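Below is one structure, written out as structure tokens; comments come after it.
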Amino acid sequence: MSKVTSSTLRQFKQEGHKFTALTAYDASFAAAFDEEGIDVLLVGDSLGMVLQGHDDTLPVTIEDIAYHTRCVRHGIKRTLLIADMPFMSYATTEQTMANAAILMQAGANMVKLEGGQWLLPSVQMLTERGIPVCAHLGLTPQSVNVFGGFKVQGRDEDNAKRILAEAKAIEAAGAQLLVLECIPAPLARTITQALTIPVIGIGAGADTDGQILVMHDVLGISSGYIPRFSKNYLKQTGEIRAAVRAYIDEVAKGEFPAPEHTFN
């Protein structure tokens with residue numbers, strides 16, 4: 001199969017083909033996910049919680065992400081690889097450029113940044129210099145202390161309008177992909193329809209162009225609890241590769257996320 005690129009994902013959106021993404025942190029799991037047909041892998045700063053045992057993602061460093069990006073790169077042949085920019089690694093445009101370059105040189109195809117209006121200069125600067133950007137709106141885990149916890153965003157009209165406006169502005173600045181996390185499904189549908197770039201949801205309903213989940217949640221091995229918006233596919237199938245195939249199949253058919261995984 002040919003490699004997945006941002007152009008591939010745009011074509012998927014135009015064709016109405018739902019695509020799937022997972023987090024990955026090492027070569028072995030990355031290879032399995034790649035071989036079973038996952039379209040996008042994210043080296044997420046979620047590694048701070050699922051690998052390092054922290055309560056949030058804030059302690060993760062650029063060196064952590066670069067190391068795991070190199071590991072995942074060695075395991076994949078087809079999948080598009082995105083690397084998270086961790087907390088305070090893109091506070092200024094100069095810092096953003098230097099740290100994004102580290103992740104691209106580690107093997108990423110794209111970097112992901114959390115935030116809205118304030119990110120526009122960095123998004124434009126990166127894309128002009130050949131570094132594709134995936135933006136992240138809604139519940140942005142690096143802002144957990146501002147939000148007062150991991151809470152659904154965009155439920156009131158003002159915040160919903162703000163998120164929609166930021167999504168449009170980020171697309172105009174050059175972002176090639178957008179992740180929406182923990183927002184009401186109707187808002188996610190509106191944003192997805194308003195943008196020409198692909199939109200990936202997590203806790204954002206079934207109407208986004210693609211879905212992403214944390215691999216530890218899909219396999220039912222997350223410490224603590226599995227979020228409402230996720231699903232333990234390993235419990236359903238009994239085998240890791242079968243779990244990945246079931247996830248891909250249910251997303252393609254529109255069966256996942258179901259109403260019980262969705263916020264309104």
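Read-outs: derived from the displayed coordinates by stated rules, not from any lab. Computed from a prediction, not measured in an experiment: that's the story for all the values here. All Cβ positions, even for glycine, are placed from backbone atoms using ideal geometry, and neighbour counts span all protein chains on display.
Quick notes on this one:
- Our summary gives the chain a relative contact order of 18 percent, counting only alpha carbon pairs under 8 angstrom and 6 or more residues apart.
- For the chain, a Gaussian network of Cα nodes joined below 10 Å ranks Gly16, Gly205, Gly115 by mean-square fluctuation, and the top entry is Gly16.
- Rough spin-label spacing in nm, given labels placed 7 Å along Cα→Cβ, for Gln193 and Ala242: 3.9
- Taking a straight line from the alpha carbon of Lys168, these lysines sit under 24 Å away, with near neighbours fewer than eight places off in the same chain left out: Lys13, Lys18, Lys112, Lys151.
- Shape of the stretch 170-264, Cα gyration tensor, a/c cut at 1.5: prolate
- Along the axis of the charge dipole computed for the stretch 1-92 (Cβ charges of +1 for Lys and Arg, -1 for Asp and Glu, origin at the Cα centre), the listed residues Pro59, Ser6, Ser46 are led at the positive end by Ser6.
- Per-residue Karplus couplings for the stretch 84-90, computed as 6.51 cos²θ - 1.76 cosθ + 1.60 with θ equal to phi - 60°, are listed in order as 6, 8, x, 3, 6, 9, 9 Hz, Gly and Pro entered as x.
- Summing Cβ point charges (Lys, Arg +1; Asp, Glu -1) relative to the Cα centre of the chain gives a dipole of roughly 440 debye.
- Cα gyration tensor shape of the stretch 45-178, rounded if a/c is under 1.5, else prolate or oblate by comparing a/b with b/c: oblate
- Kyte-Doolittle mean at least 0.0, axial Cα span of 18 Å or more - DSSP H helices of the chain: 93-106, 240-253
- With coordinates expressed along the principal axes, the C-alpha atoms belonging to the stretch 1-72 extend over 40, 22, 17 Å, beginning with the largest.
- Full extension of the chain between Ala252 and Asp158 gives 30.6 nm of extra length, using 0.36 nm per residue less the Cα-Cα distance.
- 30 Å Cα-Cα threshold exceeded, pairs from Lys3/Lys161; Lys161/Lys235; Lys77/Lys231: Lys3/Lys161; Lys161/Lys235
- Within the chain, longest stretch free of exposed GluC sites (Glu not before Pro) [DSSP loop, at most 14 other beta carbons within 10 Å]: 1-238
- With distances taken between every two different alpha-carbon atoms, the chain has a Kirkwood hydrodynamic radius of 18.1 Å.
- For the stretch 256-264, Karplus couplings with θ = phi - 60° (6.51, -1.76, 1.60), whole Hz, Gly/Pro x: 10, x, 8, x, 6, 9, 10, 9, 10
- Mean-position separation - Cα centroids, the stretch 82-102 and the stretch 159-206, in angstrom: 22
- Cα centroid separation, the stretch 1-61 to the stretch 106-146 (Å): 16
- Likely footprinting exposure, Ser89, Ser2, fewest C-beta neighbours within 10 Å first: Ser2, Ser89
- Likely footprinting exposure, Cys134, Cys182, fewest C-beta neighbours within 10 Å first: Cys182, Cys134
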